[in-house]
Amino acid sequence: MIYQGKQKIWSDYQKDIPDDHWFYVRSCIRQNFFPASETHFVKIVRDLLGKDLYETEHHTTCGGIAYHSDTIPQETAMTIVARQFSLMKEAGYKNLVTSCITSFGNYCEILETWREFPELETRIREHLWKACRREFDKPEYVCHASDVIFKLRGEIAEKAKFRLVDRATGEPLRVVEHIGCHYSKMFPHKGVGGAEYPCVLSGMVESWGGQVIDYPERRHCCGFGFRQYLVKANRGYSISNTHKKFESMEPYRPDLIITNCPGCPYFLDRWQYVIAEQTGKTYGKDGHGIPALTYEELAGLVLGYDPWDLGLQIHQVGPELLLDKMGVPYDPARKYLGLNEKDIMKPGLPTVLKCC
Amino acid sequence: MGKLYDELCKDYRFKEGLHTCINCGTCTAICPAAEFYKYDPRKILDTIQRKDEAEIEALLKSETIWYCGECMSCVTRCPRKNGAGLVIMALRNLSAKLGYFTCSEKGRQLYPLTKALNGNVLNLGYCVHAATFSYEDHPESGPVFEWVLNHKEDVYNRLGANYGQEGPGAMRKIPQEDLDELKAIYDETGGTERLETVEKYSLEKAKEMGMTPEEYLKYTFSHCSPGHFNNEEA
């Protein structure tokens, strides 16, 4: 299609997302901290909406966190990714969907670098062959898991059991979104809406009945910073950046935060706990925090999945006020049960932050 | 080893990240690290553009190259399509390769980072894993995650994971044949050599500081001297 005028300008901010046939690679951080989000991505995309989504047990980390913590050379990171491409070729897929934004940025960076410096791609092919006796095809399409949910947001809305609406007032919930730095700051054309108008999350929120709230530090980093969180001595950087975001969003009284990144929901959740314990300050209503959810958790709530199956109990900020507002039913007695309803005690409670 | 500037020029991130910097300071204005740390990416790019070997060596041995969080916010905003964050990655890579990282407190943190992350990658197939994530080192993960760590199999499998088991799924056991391929990739691409280089220079530094390797590991992971932040005196 030939775009002209304003249509041409806006075409730069749009992204063609394939409908089906995906090779799925998981996220190190999300498997550890939000395992049920990945579980429900598969449930929603494959089981509920009937799409072809394939996963092999043989895929590994992409090495992105080790790479961005500067602990491995660039060619090591590239060859690990080339191996993932080789697994995709073996399985007969051409569309790669990654659960992690660090991975998404890593894949985009590698493919762009190879495009610009083809001799490097040749060298990586040689490395992979020597190390693993493997060959690969580059994916025809790389996208992030949130792109897929964005693509399917209308189908999810059609099957919705709950909407992002305050059932007491009928007003839309006030939602702030955090898209994560490596989604489109490095390669704006790779993200829905680019770096200037990212709408991958706001599109979901609006489709499901919520109201997206703008605030001054909407695009500021969550504060991960790789080594700036992973090393204990550096965490002042991490919490300072998160604190800046919360101070900025507080006057807009959000009901929830929807996040894109693997680390962002963790930092936006856990640093609220630390800020509360250190200073007594809380950002939600009556001593509670503001729930920071993944897009799968929010899609899952809209679709009527049980909040404890979605893993909302392993956030430090309690989700109950949000669930009550949306009218989502939940059984408090089942919140902390283990596998097969096993009693595995309950977590301790924070001193300041109210959690239920 | 050629001139330091020439070495930097071999790094693809340097080729991508530094074209012609006009020193406008937009990168510093947008930078989350510059807001809190004594960090100014504009000055770093300016220093490199002067191609002065002594200045570049001082940079490679400095604290300042370790303050960046690699969020790449600078890449979006630079009016000349530079990427200060990419240049930082090239500087850190060279600093690690030459052992200069042990000259600064923030650089020395490369030792605990390298051991923890690559231990996870090579032994488990993950960069991060609950099996090696200790609550003691991460009290900010909160009482809820202390509970998760105390009941890993029950909680993860309750949430649909496949904790430590064969087959696909979250938190699965990565087969040994795949871990062997990762090790072969490290051996082939310089990853193993990098791990050995960081270990060698770190242990030399530990000895110089009068610490055992274990003490040095703990110290570099936990210790923060005053003076790094904008609101602190050195």
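The table that follows gives values for the structure above.
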{"item": "Residue count, segment B:1-59 (criterion: among the small types (Gly, Ala, Ser), under 21 Å from A:ASP70 (Cβ atoms) and more than 12 Å from chain A (Cβ to nearest Cβ))", "result": "1"}
{"item": "Filter result (more than 16 Å from B:ARG80 (Cα to Cα) and in a helix (DSSP H, G or I)) within segment B:31-42", "result": "B:PRO32, B:ALA33, B:ALA34, B:GLU35, B:PHE36"}
{"item": "Among (1) buried (at least 20 other Cβ atoms within 10 Å of the Cβ); (2) within 10 Å of another protein chain (Cβ to nearest Cβ); (3) under 27 Å from A:PRO73 (Cβ atoms); (4) of a type outside the set (Ser, Thr, Tyr), the one test that B:ALA206 misses", "result": "(2)"}
{"item": "In segment B:87-109, residue nearest to A:SER103 (Cα to Cα) [restricted to those that are part of a helix (DSSP H, G or I) and facing chain A (nearest Cβ under 7 Å)]", "result": "B:MET89"}
{"item": "Subset of segment A:190-241 that is closer than 11 Å to A:GLU177 by Cα and among the small types (Gly, Ala, Ser) - its residue that is farthest from the other protein chains (Cβ to nearest Cβ)", "result": "A:GLY203"}
{"item": "Helices (runs of 4 or more DSSP H) wholly inside segment B:163-224 containing at least 3 residues that are of a type in the set (Phe, Trp, Tyr) and on the phi < 0 side of the Ramachandran plot", "result": "B:213-222"}
{"item": "Qualifying position, being touching a Gly at 6+ places or on another chain (Cβ under 7 Å) and at pLDDT 95 or above, among B:SER104, B:SER62, B:SER95, B:SER73", "result": "B:SER95"}
{"item": "Residue list for segment A:211-230, filter: surrounded by 24 or more Cβ atoms within 10 Å (Cβ to Cβ) and part of a loop (DSSP other than H, G, I, E, B)", "result": "A:CYS221, A:CYS222, A:GLY223, A:PHE224, A:GLY225, A:PHE226"}
{"item": "Residue satisfying condition, being closer than 18 Å to A:GLN316 by Cα, within 12 Å of chain B (Cβ to nearest Cβ), crowded, with 19+ Cβ neighbours inside 10 Å and touching a residue at least 12 places away in the same chain (Cβ under 8 Å), within set A:ILE275, A:ILE258", "result": "A:ILE275"}
{"item": "Enumeration of residues in segment A:303-314 that are surrounded by 24 or more Cβ atoms within 10 Å (Cβ to Cβ) and in contact with a Gly (Cβ under 9 Å, 6 or more places away or on another chain)", "result": "A:LEU310, A:GLY311, A:LEU312"}
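This table checks each residue for (1) over 16 Å from B:GLY164 (Cα atoms); (2) part of a loop (DSSP other than H, G, I, E, B).
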site	(1), (2)
A:LYS15	yes, yes
A:TYR24	yes, no
A:GLN31	no, no
A:SER37	yes, no
A:HIS40	yes, no
A:ASP47	yes, no
A:THR61	no, yes
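The values are calculated or read from the model by the stated rules, or taken from the named source; none is laboratory data. As the structure is a computational prediction, the values presented were derived from the model and not from experiment. Backbone-built Cβ (ideal geometry, glycine too); neighbour counts: all protein chains shown.
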